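Contents: one structure, followed by commentary.
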Amino acid sequence: MACCGNCFCCQCCCREEETRTPEELTILGEIRDEEDEILPRKDYESLDYDRCINEPYVEILEGMDNKKTKKYEAVRWMMVFAIGVTVGLVGLFVDFFVHLFTKIKFSVVGDSVERCSDKGCLPLSLLELLAFNMSFVFIASVLVLIEPVAAGSGIPEIKSYLNGVKIPGIVRLRTFLCKAAGVLFSVAGGLFVGKEGPMIHSGAIVGAGLPQFQSITFKRIKFDFPYFRSDRDKRDFVSAGAAAGVAAAFGAPIGGTLFSLEEGSSFWNQALTWKVLFCSMSATFTLNFFRSGINFNKWGSFQLPGLLNFGEFKCPDGDKNCHLWTAVDLAFFVLMGVVGGLLGALFNCMNKGLAKYRIRHIHPKAKFMRVLESLLVAMVTTVVIFAASMLLGECRELSSPTTHNTTSTSGSEDINSTVRQFFCTNKTYNDMATLFFNPQEAAIHQLFHQDGTFSPVTLSVFFLLYFLLACWTYGVSIPSGLFVPSLLCGAAFGRLVANILKVKLGMAIYPGTFALIGAAAFLGGVVRMTISLTVILIESTNEITYGLPIMITLMIAKWTGDFFNKGIYDIHIQLRGVPLLEWETEVELDKLTASDIMETNLTYVYPHTRVQSLVSILRTTVYHAFPVVTENRQNERDFMKGNILVSNNIRFKKSSVVTRAGEQRRRCQSMKSYPSSELRNVCDEQSAVVEPAEEGEDLLQQMLERRHAPYPNLYPDQSPSEEWTMEERFRPLTFHGLILRSQLVNLLIRGVCYAENQSSATQPRLSYAEMTEDYPRYPDIHDLDLALLNPRMIVDVTPYMNPCPYTVSPNTRISQVFNLFRTMGLRHLPVVNAVGEIVGIITRHNLTHEFLVAKLRQHYITV
């Protein structure tokens, strides 16, 4: 079997009859065919959250006095406030048009149903409803075709971004426009989706783009604004924007802050907490101010804090026997939490199967197939809603208005104004039509606050239909949220439990409380959120006494669901192959050390490197950072003189010092124990022999033509030899720092180099503003005009490298490596041995759960 590349960087061709072990598949980053499990992909980039403390950055710090520092901080606070206000206005825009389109649709169709119920022309009413819904869904689906990242809720993508993974296009202006416009058509189109998830994504995009004062989509939007030109600042503003989205959606600024902390950010600091909370407050009160003024015509009153508000839970005046909940009810809440966790696990399992089917059979086909699927879902949903409302609804007595059931649904209507009387006489209402032929927020209010009973059959059918259709809809190529459908499913389940306890068993309970707990149980079983969701629900109900039952229910639902699968957002992150880092590693993984998981095949640069070498490295590799090293032959000779090396009064035995050559030899011996010949061939110490250059041939052109040949030594006049020993291939390298690919390309494009017969002091110097001018779209090496470069010129990279990155010892345990990498938001973690030599490097992919488990199995095999 022949190899398709060089000995260390290649992918080898394997015979069809050979099977691969899970460890091999994980190391190679492929898919387990027998389980159809998608493993983390290696092509996702990480964010550079760690500061690069190079000379241009130090010059900025030295020029910062107290006045400039305060000015910088004031600008940051202004940006946070602007983000919050903008997110509030976006929520106002979405809410206004959703209500407008929904009101027009339901008024036209409702009048048609009332008119046709006597004339027998109900099919005409169905056609009218189909025309509205399919038109709206078609527009939403076309917008997703323009920007595919706008599909779904966006929470998995934002969670991945805050975890440190850069997903292409996730925070672009075009994504924002398609998301904000698409979600209002999705919701108005009658699909079982919510607008709360897309609001979080929209808020994150506002946070990412507003402080940049430029747009990649619209090139003309570019202002000279020198602040916040780094991934670190951008990620902090994305955290604030996502929190503002939650605050605007639920009127829950504290819950939004906790959501950004719990679900998203891997790394946090105290100053960021205050800014995120301020941003959330700004969004909440901006939306509250305008909605209250528009709906009540009383500007300055704050009565509608969020897009979704559960209303006031209150017992009827004069009813002293009524209690929102009692200690006895807690037992039922625990049981409801268990059932909610089971239902959530079933929902996630079914949705995962549908998502896999779409990945295999729909996404590879023409794009219009996604539009057809969206239209099919819209058509089936519309027919089911219409048929269920007309055929399965029961006429229930309408309760007389009381103090606690006059809760506002849209700002000026009481709870009885949203009932539907299809085929029912006066003072009765069609309970199924009341739930289906209303906006989702109004349906939630009906379940929470309607005194009139919903029949058990209606609640059961409504729950079953909503469960199945919401599961089918989530993942379709439209902007769609999952919070409101989950709340509606859970509220119907809770109201059904309340009916059984109140009517069948005669218990004195408050039905709205059970509807709320059911909503919390199902939503918790689906998304598996605890702290932030508890606070969001408490703020939405404005009832602190619900804190304990909501918290207990959510914990029970999460624990129950976790027995079977992950939360819905984590499932979709996994399906995308995003290398997400969990909160901590398993205890068993501490049997591994940094040397077991690090990448030893390094591509490195010298402090002073020729232009031709840098061009070759950048064009023949895909790495985003390169260690800056010098060869240390003297250390090697001193080390080999005896068995003990004395350094800083610490004694190291020769056998305890990990070297690159020794580590690679150990790995090759371990790899050869695999049954598959594929990984054995990877470790064969052979490499392609590079033909010597013909006389007169341009050396740089020759190197560029030989793009796939290994070039580890970086000398312009040497090539790897197949006679090299392991020690020659992995020679000792003293570590001096890290330099990013973007920095090297920037240096080459700007001509930062010096001639061979000159001093490095003659090399042009770049400022920090020049180094970050092209952020976030740095130029690519293939954009470089080679005719403008002198290949013999030398680049001094030391002023621009990070001379003090975080490093670990080869013997550091995995839990320590993981905590350092995740907590500090690192992108690259060099592994440096006891004598200052770099022996490997650790990236995000080396710390994913799948990779660590595979390495642990490999460790057991070796032992």
*Answer yes or no as to whether ARG360 is out of contact with any Lys or Arg (no Cβ under 8 Å at 6 or more places or on another chain), outside the structural domain of PRO156 (by the TED database) and buried (at least 16 other Cβ atoms within 10 Å of the Cβ).*
no
_Tell me yes or no: at least one residue of the range 758-769 is charged (D, E, K, R), modelled with pLDDT of 85 or more, open to solvent by 40 Å² or more (accessible area, probe 1.4 Å) and over 24 Å from TYR227 (Cα atoms)._
no
_I need every pair where a residue in the range 733-744 that is open to solvent by 20 Å² or more (accessible area, probe 1.4 Å) has its Cβ under 9 Å from the Cβ of a residue that is of a type in the set (Lys, Arg), sequence separation at least 6 or different chains._
LEU740/ARG827
*Name every residue in the range 366-389 that is of a type in the set (A, V, I, L, M), part of a helix (DSSP H, G or I) and open to solvent by 30 Å² or more (accessible area, probe 1.4 Å), in order of residue number.*
MET369, LEU372, LEU375, LEU376, MET379, VAL380, VAL383, VAL384, ALA387
*Only one residue in VAL149, VAL187, VAL142 is in the same structural domain as LEU261 (by the TED database) and under 13 Å from the mean Cα position of the chain (by Cα). Which one?*
VAL149
*asked:* I'd like the residue in the range 325-365 that is in a loop (DSSP other than H, G, I, E, B) and touching a helix residue (DSSP H, G or I) at 6+ places or on another chain (Cβ under 9 Å) and, out of all such residues, is nearest to LEU469 (Cα to Cα).
replied: HIS363
_Selection within the range 285-324 - assigned to a helix (DSSP H, G or I) and either open to solvent by less than 30 Å² (accessible area, probe 1.4 Å) or closer than 16 Å to PHE448 by Cβ (or both)_ = THR286, LEU287, ASN288, ARG291, SER292, GLY293
*asked:* Quick check on my filter: what residues within the range 133-143 are within 16 Å of THR381 (Cα to Cα) and open to solvent by 50 Å² or more (accessible area, probe 1.4 Å)?
replied: MET134, SER135, PHE138
_Going residue by residue through the range 524-536, is there one that turns out to be closer than 25 Å to MET432 by Cα, hydrophobic (A, V, I, L, M, F, W, C), in the same structural domain as CYS471 (by the TED database) and within 22 Å of the chain's Cα centre (by Cα)?_
yes
*Would it be correct to say that ASN811 is touching a residue at least 24 places away in the same chain (Cβ under 8 Å), open to solvent by 40 Å² or more (accessible area, probe 1.4 Å) and of a type outside the set (Gly, Ala, Ser)?*
yes
*Is there a residue being modelled with pLDDT of 70 or more, in a loop (DSSP other than H, G, I, E, B) and either farther than 24 Å from MET824 by Cα or of a type in the set (Gly, Ala, Ser) (or both) anywhere in the range 75-96?*
no
*Residue match in the range 26-46 (condition: modelled with pLDDT of 85 or more, closer than 30 Å to GLU770 by Cα and surrounded by 15 or more Cβ atoms within 10 Å (Cβ to Cβ))*: no
*Kindly list the number of the only condition in (1) hydroxyl-bearing (Ser, Thr, Tyr); (2) more than 30 Å from THR425 (Cβ to Cβ); (3) without any contact (Cβ under 8 Å) to a residue 40 or more places away in the chain that fails for SER153.*
(3)
*Inspect the range 473-490 for any residue being of a type in the set (A, V, I, L, M) and either touching a Pro at 6+ places or on another chain (Cβ under 6 Å) or in the same structural domain as SER141 (by the TED database) (or both) and give the result as yes or no.*
no
_Residue among LEU487, LEU516 that alone is under 23 Å from the mean Cα position of the chain (by Cα), buried (at least 18 other Cβ atoms within 10 Å of the Cβ), at pLDDT 90 or above and assigned to a helix (DSSP H, G or I)_ = LEU487
*Can you pull out the helices (runs of 4 or more DSSP H) entirely within the range 160-263 that have at least 2 residues that are at pLDDT 90 or above, hydroxyl-bearing (Ser, Thr, Tyr) and open to solvent by 10 Å² or more (accessible area, probe 1.4 Å)?*
none
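Residue by residue, here is whether (1) within 26 Å of the chain's Cα centre (by Cα); (2) open to solvent by less than 40 Å² (accessible area, probe 1.4 Å); (3) outside the structural domain of ILE617 (by the TED database) holds:
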position	(1), (2), (3)
MET771	no, yes, no
ALA787	no, no, no
ASP796	no, yes, no
THR848	yes, yes, no
*Checking ILE841 against (1) surrounded by fewer than 23 Cβ atoms within 10 Å (Cβ to Cβ); (2) within 23 Å of ILE53 (Cβ to Cβ), which test does it fail?*
(1)
*Considering each residue of the range 490-500, count those that are open to solvent by 10 Å² or more (accessible area, probe 1.4 Å) and out of contact with any Ser or Thr (no Cβ under 7 Å at 6 or more places or on another chain), and give that number.*
3
*Restricting attention to the range 528-546, which residues are in a helix (DSSP H, G or I) and either charged (D, E, K, R) or open to solvent by 10 Å² or more (accessible area, probe 1.4 Å) (or both)?*
ILE531, THR534, VAL535, ILE538, GLU539, ILE544, THR545
_So, in the range 283-335, exactly how many residues are in contact (Cβ under 8 Å) with a residue 40 or more places away in the chain, more than 21 Å from LEU100 (Cβ to Cβ) and more than 30 Å from the chain's Cα centre (by Cα)?_
17
*Quick one: in the range 572-622, which of the residues that are among the aliphatic types (A, V, I, L, M) and outside any helix (DSSP H, G or I) is surrounded by the fewest Cβ atoms within 10 Å (Cβ to Cβ)?*
VAL622
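The values are calculated or read from the model by the stated rules, or taken from the named source; none is laboratory data. If you're wondering where the values come from, they're calculated on a predicted model, not measured in any experiment. Quick reminder, even Gly has a Cβ in these numbers, built from the backbone with ideal geometry, and neighbours come from all protein chains shown. Please note that ligands, DNA and RNA were not included when accessible areas were found on the heavy atoms of the full protein model with its side chains. Shrake-Rupley method; radii C 1.70, N 1.55, O 1.52, S 1.80 Å.
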